[in-house]
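Notes follow once the structure below has been shown.
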Amino acid sequence: MSSQRPTRSGSVLTTGRWTLATRLTLWYACSAFLLVAMSTVLLYGVLRYHFAHEDQAFLADKIHLLREPLAHAADIPTALYTEVIAEAAERRYARIYIRVLAADGRTLIETPGMESEVRHLTFPPPCSSDEDPAWSAEMPGDHERILHIASATALLADRTQATIQIAYANPQERALLAQFRLWIIAVLALAGLILVVISHRLTRRGLRPLDDVASAASGIGSTNLDRRLVVDGLPAELKTMADSFNAMLDRIEEAFTRLSQFSDDLAHELRTPINNLRGEAEVALGHTRSVAEYQDVLASCLEECQKIGQLIDSLLFLARAENPRSAVARETIDLSHELQAVATFYRTAAEDVGVTLTSDLAAGLSMRGDVSLMQRAIGNLVENAIDHTPSGGRVRIDASASRGAMRVIISDTGSGIPSEHLPYVFERFHRVERARSNARGHVGLGLPIVRSIIVMHGGTVEITSVIGEGTRVSIQIPIQPDQAPDMPAVGST
């Protein structure tokens, strides 16, 4: 199954079926709409609470005004006429219905029409005669007229107890709340539309720098790797991404340049022996020669073929060494013994050119690694030191162990390496003295192979050199490196 990758449609980055701009627009619009909706609902709740609080205070005041005449008047209907009958008749919109019940349940006085309005209502239990009702029951929203009902006890002039029941209806208030709800719905619908438009504009404006970066990045190819993203004026978040992208382009350009240089160097190295083979073959075929002459030509061709074979073997080794899936075959190595064997092997070659090869090796040095690879790495360094040390010079091998790591140093008193070449001596085909290296059969792969072997063993290699005084190569390898995954081992070539 192929994974979905970000693509570009027009000027908007897309991922799957939804563009990034659409996702952000919906997220911003929904978040803002939710905030507006919560605010309007809260305002509606505050308005409704305000109306309910005013209605409750009105009912409490009305009960307080009714208790006074009931406690002192002998004729209850006459005393309560103004408070009950006349006031209810004078109200045009809001209606109040009042009923006073005796202790035995008889109706002492009530507002006209109250029976028809409140016959289906159940009044709450009355509060005592020395306090106002702390609350009033609010009727369900589907009731057409009555909003609140309340009841309280009162003392009559004969010290008997009566019950006051009040029902309050305000169609204007209910209509106002209903109209307010309609306005809320209209405002939310309009706000939702406006928020979508504003969120879309803000999102497109916010994503414009990202789209510019994507457009600039899409125009960079193998022919213009020197181009970089312009980071001036970008937001801080995108500037970090652009800097990282530019740093990646730097690495890619460097690798591409090195690959191109490697291809040129490889073609040059192969052209020389191939041209030699061709030239010798053409000369040999120019006229009839003796068997001895043909043998000389074949021997020379064989030597050139061996050079080509060594070059191919070295390149294959480097290719396998740089493969992440490659691992070395690890075994316990008596490093002291192996280094002594390398010193013994190259001592005769050093004496032939007048170079003294000495060694100072600590006893009992051991590590985990590949014997043949370590021999090849140390041998390349010793051979390279001998080749670049004039007659009468010295080459020295030192080895010691400290803090869980092996340290091997190969130093010489040779001609040294110019400082401008030191950063590149471990690169393929890099040679300080090209003509001299060609004469000795070197193609500039010895030190790269050394570094690859040491890195495969989890170690590091450093080189220092002073012109006219010599060169010093230091290798440091952990004694017990982390075990590599179980993969095919890279052997020596």
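Could you check, for region 98-108, whether at least one of its residues is part of a loop (DSSP other than H, G, I, E, B), at pLDDT below 80 and more than 30 Å from L176 (Cα to Cα)? No, region 98-108 contains no residue that is part of a loop (DSSP other than H, G, I, E, B), at pLDDT below 80 and more than 30 Å from L176 (Cα to Cα). The set of residues in region 411-429 being without any contact (Cβ under 8 Å) to a residue 40 or more places away in the chain and either under 17 Å from R347 (Cβ atoms) or touching a helix residue (DSSP H, G or I) at 6+ places or on another chain (Cβ under 7 Å) (or both) consists of V425, F426. Return the residues of region 233-254 that are surrounded by 12 or more Cβ atoms within 10 Å (Cβ to Cβ) and of a type in the set (A, V, I, L, M); say none if nothing qualifies. Residues satisfying the conditions are L234, L238, M241, A242, L249, I252.
Tell me whether region 29-43 contains one or more residues that are closer than 30 Å to L156 by Cβ, open to solvent by less than 50 Å² (accessible area, probe 1.4 Å) and either part of a helix (DSSP H, G or I) or modelled with pLDDT under 80 (or both).
no
Figure legend. Inter-residue proximity from region 210-221: first residues closer than 14 Å to A21 by Cβ and assigned to a helix (DSSP H, G or I), second residues open to solvent by 30 Å² or more (accessible area, probe 1.4 Å) and not hydrophobic (A, V, I, L, M, F, W, C), beta-carbon distance below 7 Å, spacing 6+ or different chains. Indicated pairs: D211/S11; A214/R8.
Of the numbered criteria (1) aliphatic (A, V, I, L, M); (2) modelled with pLDDT under 80; (3) open to solvent by less than 80 Å² (accessible area, probe 1.4 Å), the one L259 fails is (3). Residues in region 168-192 that are under 42 Å from the mean Cα position of the chain (by Cα) and either modelled with pLDDT under 80 or surrounded by 12 or more Cβ atoms within 10 Å (Cβ to Cβ) (or both): I184, V187, L188, A191, G192. Condition check for V408 on (1) modelled with pLDDT of 85 or more; (2) open to solvent by 20 Å² or more (accessible area, probe 1.4 Å); (3) more than 28 Å from Q306 (Cα to Cα): one failure, at (2). Residues that are within 27 Å of A178 (Cβ to Cβ) and either out of contact with any Cys (no Cβ under 8 Å at 6 or more places or on another chain) or modelled with pLDDT of 80 or more (or both) are absent from region 64-72 altogether.
So that you can scan it fast, the table gives a plain yes or no per residue for (1) under 17 Å from I410 (Cβ atoms); (2) exposed (fewer than 14 other Cβ atoms within 10 Å of the Cβ):
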position: E351; (1), (2): no, yes
position: V355; (1), (2): yes, no
position: D360; (1), (2): yes, yes
position: L365; (1), (2): yes, no
position: R368; (1), (2): no, no
position: S391; (1), (2): no, yes
position: R396; (1), (2): yes, no
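For region 390-410, residues that are closer than 21 Å to P478 by Cα and touching a residue at least 40 places away in the same chain (Cβ under 8 Å) total 10.
Can D387 be described as out of contact with any strand residue (DSSP E or B) (no Cβ under 7 Å at 6 or more places or on another chain) and open to solvent by less than 60 Å² (accessible area, probe 1.4 Å)? Taking the combined requirement at face value, the residue satisfies it. Of the residues making up region 465-477, those that are under 30 Å from E331 (Cβ atoms) and either at pLDDT below 75 or open to solvent by 40 Å² or more (accessible area, probe 1.4 Å) (or both) are R472, Q476.
The values are calculated or read from the model by the stated rules, or taken from the named source; none is laboratory data. Only a predicted model underlies this, so the values are computations on that prediction, with no experimental measurement involved. Cβ coordinates were reconstructed from backbone atoms using ideal geometry, including for glycine residues, and neighbour counts include every protein chain displayed. Protein only, heavy atoms only, side chains kept; ligands, DNA and RNA dropped before computing areas. Shrake-Rupley method; radii C 1.70, N 1.55, O 1.52, S 1.80 Å.
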